[in-house]
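Worksheet: the structure to be examined is printed underneath.
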Amino acid sequence: MRRFVPLVLAMGLLAALPPLAFAAGVIRGQVSSAVTNQPLPSVRVQVQGARLGALTDDRGRFVIENVPAGPANLEFALLGYRRLVLFEVEVTLGRPASLDVALEEEVVSGDSVTVTASPFRRPAESPVSVQSIGASEIERFPGGNRDISKVVQSLPGVASAASYRNDVLIRGGAPNENRFFIDGVEVPVVNHFATQGSSGGPVGMIDVNFIQDVDLFTGAFPASRGNALSSVMEFRMKNGNDDRLARSITAGASDFGVTVDGPVARKGRLIFSARRSYLQYLASAIGLPFLPTYNDAQLRLHWHPNERDQFNFIGIGAIDQFELNTDATETEFQRYVLDYLPETPQWNYTTGVTWKRLGIASVRTLVASRSQLENRAKKYFRNDDSSPANLLLDYRSQEIQDRARAEWTRRAGDWRFTWGGGADHHRYTTSTFQKTVTPEQVLQVDFASALSLTTAAAFGQATRSFAGERITASIGARADAADYSRRTRDPLRQFSPRASGSWQATPAVRVSASAARYHQLPPYTVLGWRDEQGALANRANGVRWIRADHAVAGIEYATRTNSRLTAEAFLKRYSDYPFMTRDSVSLANLGADYGVIGNGPATSSSRGRAWGFELLAQQRLYRGWYGIAAYTFVRSEFTDNRGSYRPSSWDNRHIVSLTGGRRLPRGWEVGGRWRYLGGAPYTPDDVARSSLREVWDVSGVGVLDTQRLSAGRGGAQHQLDLRVDKRWPYRSGGIELYLDIQNAYAFAGETKPTLTVQRDPTTGSPLVDPNDSSRYLMKTLEPDAGMPLPTIGLRWTF
């Protein structure tokens, strides 16, 4: 019970703090036509649940004053246009909420069935497998720590790997199959301590203070978004305060941050933030064998010089340090981690600019960006760097991308056309020295590689509505090419058609479906691997674009009270996935751990399949209540070294997520989340091979028995997270305080057994088997007991 004493005291502190006087904020913005891009007068803008609203003027502008601080739903209505609801617009006293809204025209039909405008965003090109999340939902998510990658785990079809990471696993796919866009700019790295060759990490980089909302596409990707197999995540960012400088200070579970935003120059708005972690101090205090430190900064400049032109400049970057705490040697777990974990400094950034030119019934978009990642890792035998002979790993790598893309969107009657193209230049370098263990031998790898690669793409999509918008249909195609090899250069081999459609069966029921083919380049680590002769071995092995075919069908029942019920079934088939021949495993099974994946010989011989269904019940904020209940059944399989299908690392089968909360009077809010993941497969260790001294001294961990790929399965994982928020608004800002408790009932799940060596209790050295001097004595570590993780956080806006 002692572990709960601090929680009780913290909650008592929250309750004891006095309330401040009632304060209200301002919402303002401009409404235009999505077809003509012209301002719309006389639009009724209403705050749901309150007698507050306004009509737009001749320039489409509106102002609503005296709006209670906190999230508010805004409803936009005009005869001849679809009703639109913006959920949970954050109202603060420190900065008026500023919005730019576009309304779609509504066709009035003589048919007896009229279309009920759903309050949920549903692009005509992507009528299925799209979910939207607002900034307020990210902020208050129990156990989320303001990290979008953790928040999306509440949605159907989304699984996670280890609880200390935020890998996004979509419908049985690997974490390297996702792509992220901020204001249309592709950002390849969105996590601190990112796994090179994948997309996950333990802590997200994107500051929620910048986010307006996020769309997650788990199917029916727009043709303009390529190089993804499982999901596309689109971030729309806030424009910044347009009347005065506003500041905020945030202290959370692991970091401290400062954000400033306000007007700059003429018709410009700027947001800037910087964060630094104090994880290294917490890790040292509790005796962890590693000391992580991260720093990041983010910037967005919005410039709107006239009614037709908009410019957005973004910048996001991070510097990460991951050092060993060699003084933490008291427990077997500490010594085990210290023996295998390398030190891994890393930095990355992305800068980009987007120009939008609004015309009559058309939009022209140009995007240019540059991204760079530098990743290093170094490891010495038993962390003894006194002799060069002790060096086990010395890795350094850079990835650089220069991108350009042009898009045109035009409307003509019931038609909407999108077309465009892009070209990217990629540079990858690596210097790798590594002593490594395969299922057959101990190897010393020593090579350097430089790869220069150009990719190009062209895309187009056409969408039309019929029968008074009861039926919509969309067809599109994309073709990609890369000058890596003769096969990857031919765009017809990477031709990616897609089609989707929806039918409004009743005023509240919509049936939708999509079918598509997608292509994705393997990671640079695979493309740039060189053999002992210095040749690009994987190019000679025929490595090419990975292909995935999707089919999805779903049904949705939507209400006017901000709620919906959905059901979707999906099927995914993979081909040409890299199979890592040295490790005898498909790349599709890797990516949810630290370090680098794909840095070895490979062939495009792996195949895969995933199928299942999803159920969702969602209530967006309505009369103070909100919640999501999601269930997913998924099967995921990829081929082994014999070409037989085996369960993949992401074959959880059953995923349940229940999230909900209540906004209470006087600035209080309570929420909770319970999540269940079926046991994930794992490959057992080859104990006999791992016990060999020459093997263990190099690997420091168990060597997988790939002849028994995915033969083991862990136990089910479940966890309850709770959160309490309290807000005190005042005239020039506000204070928000929260208490978050992760794993409230101290669940400890059953995972893969951890194989290690027996050690001398005095020196900590591995014990040699007295019956065989070539081997160590082995044992299995006892799993850690589960425990709650309480956090108190603060945000002060002024």
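Observations on the structure shown:
- Cα-based helix-to-principal-axis angle, 5-16 vs the chain, degrees rounded to 10: 20 degrees
- Across the options Thr472, Phe256, Ser199, the greatest Cα extent toward the positive end of the charge dipole of the chain (unit charges at beta carbon of Lys, Arg, Asp, Glu) belongs to Thr472.
- Rounded, prolate or oblate (a/c below 1.5 giving rounded, otherwise prolate when a/b exceeds b/c) for region 142-217 by Cα gyration tensor: rounded
- Proximal charge balance of Trp611 [Cβ under 10 Å; K/R count +1, D/E count -1]: +4
- Taking Trp796, Trp650, Trp347 and ordering them by how much accessible surface each has at a 1.4 Å probe, largest first, produces Trp796, Trp347, Trp650.
- Among Gly134, Ser32, Phe459 the positive-end extreme of the charge dipole of the chain (Cβ point charges): Ser32
- Efficiency of FRET between Lys378 and Phe633 - r from beta-carbon atoms, R0 60 angstrom, step 0.05: 0.85
- Taking amide H as placed 1.01 Å from N in the peptide plane, Val442 has no amide H partner under 5 Å among residues 5 or more places away or on another chain.
- Per residue Cα convex hull volume in Å³ - calculated over region 374-435: 117 Å³
- Unit Cα scatterers, Debye sum, region 504-568: log10 I(q)/I(0) for q = 0.19, 0.23 Å⁻¹: -0.79, -0.94
- Accessible surface, region 658-798, averaged per residue in Å² (probe 1.4 Å): 48 Å²
- Test item: Cα-centred dipole of the chain, Lys/Arg +1 and Asp/Glu -1 on Cβ, debye: 2200 debye
- Extension gain (nm, one decimal) between Thr791 and Ala567, 0.36 nm per residue minus Cα-Cα: 77.1 nm
- Proximal charge balance of Leu245 [Cβ under 13 Å; K/R count +1, D/E count -1]: +1
- For Ile133, the accessible surface of its heavy atoms amounts to roughly 10 Å² (probe 1.4 Å, protein chains only, rounded to the nearest 10).
- Convex hull of Cα atoms in region 380-521, direction-averaged projection (nm²): 15.1 nm²
- Cα-based shape type of region 224-354, given that a ≥ b ≥ c are square roots of the gyration tensor eigenvalues and the cut on a/c is 1.5: prolate
- 1.4 Å probe accessible area per residue over region 377-430, in Å²: 50 Å²
- Over 22 Å apart at the Cα level, from the set Lys150/Lys379; Lys267/Lys356; Lys150/Lys378, are Lys150/Lys379; Lys150/Lys378.
- The chain - mean residue ellipticity at 222 nm from DSSP helices (-39,500 (n - 2.57) per run, n ≥ 4, rounded to 500): -1500 deg cm²/dmol
- For the chain, share of DSSP beta bridges that run antiparallel, in % to the nearest 5: 95 percent
- Here region 372-431 and region 459-510 have alpha carbon centers that stand 28 Å from each other.
- Where trypsin sites (Lys or Arg not before Pro) fall in DSSP loop in region 610-683, at most 12 other Cβ within 10 Å: Arg623, Arg642
- Distance distribution note for region 608-679: the fraction of Cα pairs above 15 angstrom is 64%.
- Counting all C-alpha pairs of region 660-755, share separated by more than 21 Å (%): 59 percent
- Working value for region 290-439: equivalent-ellipsoid semi-axes of 48, 17, 13 Å, each the square root of 5 times a Cα gyration tensor eigenvalue, largest first.
- Overall, the accessible surface of the chain at a probe of 1.4 angstrom is composed of carbon and sulfur to the extent of 57 percent.
- Simple rule: put +1 on each Lys or Arg Cβ and -1 on each Asp or Glu Cβ in region 485-612, find the dipole, and look at Pro523, Trp545, Gly608; the Cα lying farthest toward the positive end is Trp545.
- Dividing the C-alpha radius of gyration of region 178-243 by 2.2 N^0.38 Å, with N its residue count, gives 1.19.
- For region 171-314, the relative contact order comes to 17 percent (Cα pairs under 8 Å, sequence separation of at least 6).
- The largest accessible area among Tyr574, Tyr626, Tyr745, Tyr631 belongs to the first residue in Tyr745, Tyr631, Tyr626, Tyr574, and the rest follow in falling order (1.4 Å probe, all chains).
- Net charge dipole size for region 300-402 [Lys, Arg +1 and Asp, Glu -1 on Cβ; Debye, nearest 20]: 860 debye
- Computed from the alpha carbon positions, the gyration tensor of the chain leads to an equivalent ellipsoid with semi-axes of 44, 32, 25 Å, biggest first.
- 1.4 Å probe accessible area per residue over region 166-246, in Å²: 15 Å²
- Counted charge near Ile400, where neighbours are those whose Cβ lies closer than 13 Å (Asp, Glu -1; Lys, Arg +1): -1
- For Ala617 and Tyr745, the difference between the fully extended length at 0.36 nm per residue and the C-alpha to C-alpha distance is 43.5 nm.
- The dipole here belongs to region 129-170: it is taken about the Cα centre, uses +1 on the Cβ of Lys and Arg and -1 on the Cβ of Asp and Glu, and is about 60 debye.
The values are calculated or read from the model by the stated rules, or taken from the named source; none is laboratory data. Since we're looking at a predicted model, the values are computed, not measured. Here Cβ is always computed from backbone atoms with ideal geometry, including for glycine, and neighbour counts include all displayed protein chains. Keep in mind that these areas ignore ligands, DNA and RNA; they rest on the heavy atoms of the full protein, side chains included. Shrake-Rupley method; radii C 1.70, N 1.55, O 1.52, S 1.80 Å.
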